1. Quick check of the Kirkwood formula: for the stretch 212-325, what is the inverse mean of 1/r over all pairs of different Cα atoms, in Å?
2. With a Förster radius of 22 Å, plug the Cβ-Cβ distance of residue 140 and residue 292 into 1/(1 + (r/R0)^6) and report the FRET value to the nearest 0.05.
3. Roughly what % of DSSP beta bridges within the stretch 192-261 run antiparallel, to the nearest 5?
4. Per residue Cα convex hull volume for the stretch 548-677, in cubic angstrom?
5. According to a simple spin-label model (label point 7 Å from Cα along Cα-to-Cβ), what is the distance in nm between residue 813 and residue 224?
6. Relative to the present Cα-Cα distance, how much length would full extension add between residue 555 and residue 798 at 0.36 nm per residue of separation?
7. Could you work out, for the stretch 73-119, what percent of all Cα-Cα pairs fall into each 5 Å distance bin, beginning at 0 Å and stopping at the bin that holds the largest distance?
8. Average the reciprocal distances over every distinct pair of alpha-carbons in the stretch 143-260, invert the result, and give the Kirkwood radius in Å.
Amino acid sequence: MNAISRWVARRRADRQLAEEMAAHIDEIAQTLIEQGQGEEEARRNARLQFGNATLLKERSREVWGWSGMEQVIQDVRFGCRMLAKTPGFTVIAIAVLALGIGMNTAMFSAVKTVLLSALPYPDPGRLVKVWQTTKSGHSNLVSWPDFKDWRSQNRSMEFLAAYQGAHVSLSGDFTSRRIQLAVVSRGFFQIMGTQAAIGRTFTRKEQTPGGPPTAILSYALSEAVFGQAAQGIGKTIRMDGLAFTVIGVMPPRFDFPFRAQAWIPEELFPADSSGRSAHQFHVVGRLKSGVLIRQAQADMSVIATRLGKQYAEDRSQGIRVVSLYDGIVGSARVPLLILLAAVGLVLLIACVNISNLQISRATARVKELALRNALGASRGRLIRQLLTESVLLALAGGAAGFLLAVAGTAALRHSAPANIPRIENMHVDWGVLLFTTGLSVAVGMLFGVLPAIFCSRANAVEAIKQSSAKATVSPQLKRWGNALVVGQIALSMVLLAGAALLLKSYWKLDHVNSGLKSSGVLTADIWWATANGITVNGKEVARSSRQILDSIRHLPGVQAAAFIDRLPVRDGGNNWRFEIQDRPLPADPHQRPIAYYRLVTRNYFQVFGLPILRGRQFNVHDDHSPQQVAIVNQAFVKKFFPEANPIGQRIRLFGFAEKPRLMAIVGVVPNVHAFGLNHPTTPEIFADYMQHVGSRLKVTLVVRGLVGDEPAMRSLITSINPDTPVSFDSMNDIISGTISRQRFQTFLLSLFAGAALLLSAIGIYGLLSYMVTRRTSELGIRMALGADRGRVLALVLRQGGSLVAAGLILGIIAAFLLTRMLSGLLFEVKPTDPASFAAVAILFGAVAMLGCYLPARRAAKIDPNVALRYE
């Protein structure tokens, strides 16, 4: 009986609501008839205005207890109809969301590939990188004798292997090319847990001194050279003139280390002859099962202490064990996370913008929502309907954003600098698609929840009494709208301040004087053919070097040409210890001073426009003189001869394999930033290339003034040294490439900041435009009572200006606190640089006030007569 009673009561309530609805429709229809509409047309318009059919259907579904799924379907259909009725709002909202979601998805793809994806090797958590450390704690490469001791004494590693890399000349029955070679020790492929896809890896016999020279190729290189990867097995290739037999091809996408294209055994070369001070190897290891990194660190620290007591060279050396993952992606983690946070702020600003648009749009729907509430729809039901519309909007924006992300991901992959690890593997996959979908739903809930909550509180009686043009919502909703604008201004200021700091940092870095006059200088790497795979034929190299230089100097337009063993900025340098003759010798060999050492021919300084400040440059007589000579830079003089004349002083270098070499200083040249524009100048020693010609397999040819005739120079070099593939690089491009990561980071953050600035300007404009529309009658009354256009203009500008000022103040405070995270990315710029903050505030203030001025100007042009009749 109770159930029947409840059913009867609901039916009675339903009939009562329908009667009330019909009465409202009759009242509005009568008003429309009085305004001149026909009876049929008036009643139709009245029904449309109140949406009685939809409301009654909704009410009957609630009364009869229809299923939740059917209600969801109804909400979706109704939401689609409502969005279709406001195409302008819908298109703008989808475009804004597509921008925010697309940027986030593309950036997430990069972070997922570089930071979140596991290394593509079996059980990657057990792979570690092992460094030697200096007394100051800096990581360093490892000497071969130390590596052998580590391998034999450690108790925490299954395998430990050393490796180093080099660019070499690959030749054979195919077009010569430059490739990245990895020289690896025994156990390397066991550590990586990867075997050859075709053929095999090295045997024990092939990894011993004097063993048969064999090589393994990458899958891509074997395909490129032989047509099919399997065709390379058993073929003979030449690398830097030494013949190797191909015994295996690695699986596709295996390129560790250094994006290697070929691997050869380290044991073929006499590395044992190098001392413990020759730090030239990377070391990788695989932990034993169950061993943690901290346990391996403790084990290796004991070994470091033991070796420090046993060998003088190891007294100040430590050992550091880190995961291979951290060793590969460590330097890219902070910049990528900062960029991900920045693009997240862009999405948050987009959400705030859409939320403000939703508030404006919801104001016009207050009567509809209040009437639905009066007819029995619960507040939760109304909130759900509004959130459904928001989520529909977000999903549409997410779909458009996903398409934008596909294009953006491809653009990031192709424009990212090569020194960002694993970035070439970035792509949009199912994980990214799920991320985009989840992000879209979350965004829809985020920007839809506030308008839904506040609009659902609308007073039914007051809302029904208001005309559609004058419908208002609670003061709370207005305050939230203002707060959202202030919030998006503050968030935009944070992004703009960060971008300004990076831009200033990059500008300073890009305008650092490298010390080299690099414009008009071309470079080309040359490898000398080896006599036995270990050393070069010095006399033959000297003859070829002179022949190449003499021939190139006679090419039209060439002003100077020279050789250098390690090109500044790109190749770094050899850090060697030395002694100054007739000065007291330190008791500890590790207390000897250090300088960087390069081999150059006599015209090198002319090529790069480096004047001889004191003394002379190398000359032809030095080539055959028993007295070895050196030229030093100003940093060397300042540090070691601050008050004495360096010319004629003698220094003894200890970096040579056979014995120290005594050199006389004959000249002084200016400093250059040899290790990159963001590195300070360091003491350098330049030795005569022709006096040490047999000690380098590779040199770099530098030429000033050759324009448009590179093929002639390439032909000339290959006619003298056929195994050398020659390609030219501009020195300006090389220097620019050293700051490619900074340029990439600055560009992305500036792009995100520009998007934030645009969205904030749109938000301010939208809010004030809506305000002007809602206050049209009020402004007309003011003007009818004597207010001139200037006062109306000032009224609107004052309201917008107060929001902008509040947002700028909050934004500057937030930026002052948050930009400190950028300190590691800045060059000669403080994270709180006042000039950058002031410039951003001025720029943003100007753009924001432009967004205020446009609605204000429209308000000032209102015709009072029209405004007073505005409904």
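No value in this document is a laboratory result; all are computed from the given coordinates. As the structure is a computational prediction, the values presented were derived from the model and not from experiment. Every residue, glycine among them, receives a Cβ derived from its backbone with ideal geometry; neighbour counts consider all protein chains shown.
1. For the stretch 212-325, inverting the mean 1/r across all distinct Cα pairs yields 17.3 Å.
2. 0.35
3. Values: 6 of 10 bridges.
Percent antiparallel among DSSP bridges in the stretch 192-261 is about 60.
4. Value for the stretch 548-677: 139 Å³ per residue.
5. 5.6
6. So the extension gain works out to 80.4 nm.
7. Result returned by the calculation: 5, 19, 13, 14, 13, 12, 9, 9, 5, 2, 0.
8. Values: mean 1/r = 0.0662 Å⁻¹.
Value: 15.1 Å, from the Cα pair sum.
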